[in-house]
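Comments concern the structure below.
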Amino acid sequence: MKPPFERVVDEHAGTVLRVCRAILGPHDAEDAWSETFLSALRAYPELPESANVEAWLVTIAHRRAIDQIRATGRRAVPVDSVPEPPSPAAPGALPDGDLWVAVAALPDKQRQAVAYRYAAGLPYAEIAEILGGTVDAARRAAADGLKRLRTTHTREDLA
């Protein structure tokens, strides 16, 4: 028997929020988090009892975050003048030691694989299914992402 949806939210809210933050950053994550659980609430009655609820929610969160990125990219923002692009930070220099800034700088596949593996704790098989690749490709993307984080940032920078 499936648990009540309220318990599902209580158990998996943190994981879903971490995934949304890893993809969108801390400022836009709450909207994707809310959309994830609204979508999940509508679909929950049809979810088989044998389903992995955490992987299902992470998949929904991933799709909601990608939808939000696409929607933001399509929205035109009128401005009086074009701002100067930010200057690249010196290697190893992270404002406020923010791990999410470092993760956000990773290429898409690496960022997502690192987030799903280390923020959500998903196994590589489920990551491969979400990202649409093989288990080996998911493992490689996560390893490459970690390697990049370790070579460009010290442990003190990310603390």
Size of the dipole of the stretch 1-78 about the Cα centre, Lys and Arg at +1 and Asp and Glu at -1 on the beta carbon, nothing else charged, in debye to 20? 360
Averaged per residue, the 1.4 Å probe accessible area of the stretch 1-78, protein heavy atoms only, in Å², is roughly 61
On a full-extension model of 0.36 nm per residue, what is the gain between residue 151 and residue 125, subtracting their alpha-carbon distance, rounded to one decimal in nm? 6.7 nm
Counting only protein heavy atoms and a 1.4 Å probe, tell me what percentage of the stretch 1-66's accessible area is made up of carbon and sulfur. 53
Ignoring ligands and nucleic acids, residue 114 exposes an accessible area, probe 1.4 Å, in Å² to the nearest 10, of 10
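Please give the length that would be gained between residue 66 and residue 84 if that part of the chain were fully extended, namely 0.36 nm times their separation in residues minus their C-alpha to C-alpha distance (nm, one decimal).
3.8 nm
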Just subtract the alpha-carbon distance of residue 42 and residue 11 from 0.36 nm times their residue separation and send over the number in nm, one decimal. 9.4 nm
Calculated FRET efficiency for the pair residue 134/residue 27, C-beta based, R₀ 30 Å, to 0.05: 0.35
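The values are calculated or read from the model by the stated rules, or taken from the named source; none is laboratory data. On a predicted model such as this, the values are computed, not experimentally measured, just so you know. Cβ sites come from the backbone with ideal geometry, for glycine too, and all protein chains shown count toward neighbours. We work out accessible area using only protein heavy atoms, side chains counted, and drop any ligands, DNA or RNA first. Shrake-Rupley method; radii C 1.70, N 1.55, O 1.52, S 1.80 Å.
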